[in-house]
């Protein structure tokens, strides 16, 4: 059983080479066979688990009819391979100093994607440390709640990313990238966090791998999500306060990395940033979608019909969606934060209200004013507060493959309480946005439609916020009586 | 082609043998008088002229609107009169990735006072005719995209701005910028850094207009205690690849640095954060301008 030290000397420094690697897909050596597929001309394999179904068996990979959307998706993959762009979105818009470093990162990333040793070690970490596979849970009482008078309604399943170590899907990506960084010989990891979940995940992964960790967090966020700050500090990570919120913390984290390119590694928490960051994060999160496909087949011998996920920058949404983008019979629904209301000026609904521009290294939709200055967003779900969005989601919106709606703070807070009461599950306020959309979605769906909602994180951190809101509501109700 | 007015003298430059119609002489007017458009020479021509004189260009950078726009206008005149050869003017941006704390703070202060691009252009239309050296604008990419690249470049041309530096656009994405810049006689300066491999550096210097901006260190803007001696070898490599002028920036803050970089063979020296700090952190705008003048003179002396 291969159990070598991750700090292998296979890393490409100083020369940009495409490694020639024979894919060892031998069940005898690894104990199970790795699923492989061709992606962007490279052979990509990822280890999800022992019983990953061969998608050819499901007859999904070679549809007889190539629709327009599938052609656009194909074109998107071509532009990605050529220039790091999804159609017109993405790219590398960073100071020249970072260009070479990003290109090296891309090579390293492609290497680990088809390195069975890395994939196996990652698979073990995901299983034993992160706690995967996460359940696909049939939410019976929530389903009943949405049934109409005739007892008809969709079936609601929750993908329980809240049950991972750390309490959010962030750990899938943080673990994989920390392993990648260690393999590249980097000693210190730098990351920026909004709600603190990515910070906690990164700090935990660094503690496990013995790497130094510095987390930048907005001062406003540090107050709002203070429990996460404590957790990060307990693992030994250094938490640095930056005036403002997540977007300012991200800018500062990137700047600090620019000054120490050889030693430090910027661990992107979400699918934004210059290429290859959006692709890397999506690739490491796609385990969510892969598991969902397998679990759906096990549970009802079919696919999900609708996938719903909250969208801050897009990592959990892409993690769930990406596996299914070629399955045109699967609806992809992203739910953004409308904050105080989509027209209030205080929201984070980038895809709804943003315009295309360049931010944090990528071309994508973003919330900007008439001067092209970046607007600070708002949401009760702190993890959704980001004025940009993943270029890949921008692409999916443009080609019409995915739909995007938005939910206000109030609706999200109600959804939090609803899930607590109906299922005894505490969703993160971010995930509560996705759950809140069910109110509008379910009445429109045929009976028996299979809906999978990504419960992207758990809401212990938000219990106080919800409590304050409920008290405020009760107080106002008493006053009006 | 270009006619320049310097302290009342009037001479013609005629490349390629085209002769200008003979213009009637007029009475000497002091430089502060408003002349409708007084085109100064562009960036490349400035460097050619300095090279003939055996001089190294002094290129200060300040952020527009810090501490306020009228002080910026004054500061441009002060820098010009102290002998700056080109002046870089930064357009404040909410998320300046390439900038360290000094320039970030200047941008934040400026934006808080309500600065915007139109105001900066209006100021420049007024001030540029009074300057003898060309202005290069320093702006991040998103505000340019928002305006529309064509519109942006035309605005620059109308204001009399000669050059543009955009720090967050990589070479691959500069094609459309370069096309529109050329159409409007704006020289788009590209940056090369210590992390840029030689083949890429060659492509960058080939495409750069005006001059080549050599970033002296791996990091963001901000004063450093000394200039890395890698700069010497980088200058050597670049000069083997091109005859275009090379100016070094990032981290230069003292007369010793300026002297050192000039000795290593740079055609120009760019000083940014140190200037911004002197101007923006002074007790009052008047004091800031005074200190700016003294500081500029001390740096300029190092180039003599």
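Since every read-out is calculated from the coordinates, none of them should be taken as a lab result. Just so it is clear, the model here is predicted, and its values are computed rather than measured. Positions of Cβ are generated from backbone atoms using ideal geometry, with glycine treated the same way; all protein chains shown enter the neighbour counts.
Where the centroid of each part is defined by its Cα atoms, how far is the range A:107-157 from the range B:260-304 in Å? After rounding, the separation between the Cα centres reads 58 Å.
Panel order for A:137, A:416, A:266, B:141, by other beta carbons found within 10 Å of each beta carbon, from fewest to most: A:137, B:141, A:266, A:416.
Inter-chain Cβ neighbour count for B:217-227, averaged per residue, equals 3 (cutoff 10 Å, partner chain atoms only).
Using a Förster radius of 25 Å, what is the FRET efficiency between residue A:328 and residue A:88 based on their Cβ-Cβ separation? Nearest 0.05, please. Efficiency computed from Cβ-Cβ geometry: 0.65.
With each label modelled as a point 7 angstrom along the Cα→C-beta vector, the residue B:70-residue A:148 pair spans 6.9 nm.
Once the Cβ-Cβ distance of residue A:472 and residue B:236 is raised to the sixth power relative to R0 = 51 Å, the FRET efficiency obtained is 0.15. The mean number of partner chain beta-carbon atoms within 10 angstrom of a residue's beta-carbon across peptide B:95-105 is 4.
Using the Cβ-Cβ distance between residue A:355 and residue B:263 with R0 set to 56 Å, the FRET efficiency from 1/(1 + (r/R0)^6) comes to roughly 0.70. Taking the square roots of five times each eigenvalue of the Cα gyration tensor of the range A:176-318, the equivalent ellipsoid has semi-axes of 29, 18, 15 Å, listed largest first. As a length-normalised measure over Cα pairs under 8 Å and 6 or more apart, the relative contact order of the range A:368-481 settles at 21 percent.
Projected label points at residue B:243 and residue B:256, each 7 Å from Cα along the beta carbon direction, are separated by 3.7 nanometres. Here the simple spin-label model places points 7 Å from the Cα toward Cβ, and for residue B:182 and residue A:243 these points are separated by 4.3 nm. In chain A, the DSSP-assigned H stretches of four residues or longer account for a calculated mean residue ellipticity at 222 nm of -12000 deg cm²/dmol, using -39500 (n - 2.57) per stretch and the full residue count as denominator. Taking 0.36 nm per residue of separation and subtracting the current Cα-Cα distance, fully stretching the chain between residue B:154 and residue B:51 would add 34.1 nm. The mean number of partner chain beta-carbon atoms within 10 angstrom of a residue's beta-carbon across peptide A:246-254 is 2. Listed by Cβ neighbour count within 10 Å, with the fewest neighbours leading, A:396, B:177 appear as B:177, A:396. When you restrict to C-alpha pairs under 8 Å that are six or more residues apart and normalise by the size of chain A, the relative contact order lands at 17 percent. Size estimate for the range B:156-304 follows the Kirkwood approach: the inverse of mean 1/r over distinct Cα pairs works out to 16.4 Å.
By the count of other C-beta atoms within 10 Å, a proxy for reagent exposure, A:129, A:146, A:359 are ordered fewest to most as A:129, A:146, A:359. Taking a ≥ b ≥ c as the square roots of the eigenvalues of the Cα gyration tensor, an a/c ratio of 1.5 or more together with a/b no larger than b/c marks the range A:326-466 as oblate.
Comparing B:216, B:132, B:233 in a Gaussian network model of chain B, where Cα atoms under 10 Å apart are tied by springs, the biggest mean-square fluctuation is seen for B:233. Compactness of chain A is given as radius of gyration and Dmax, 21.4, 74 Å, from Cα positions. Between B:163, B:65, B:100, the GNM of chain B built on Cα springs shorter than 10 angstrom shows B:100 fluctuating the most. Cα-based values for chain B, radius of gyration first and Dmax second, are 18.4, 55 Å.
Of all DSSP beta bridges in the range A:215-362, what percent run antiparallel (nearest 5)? Approximately 10 percent, going by the DSSP bridge assignments.
For the protein assembly as shown, the antiparallel share of DSSP beta bridges with both residues in that region comes to about 30%. Across B:136, B:203, B:107, mean-square fluctuation computed from a Gaussian network of chain B (C-alpha pairs under 10 Å connected) peaks at B:203.
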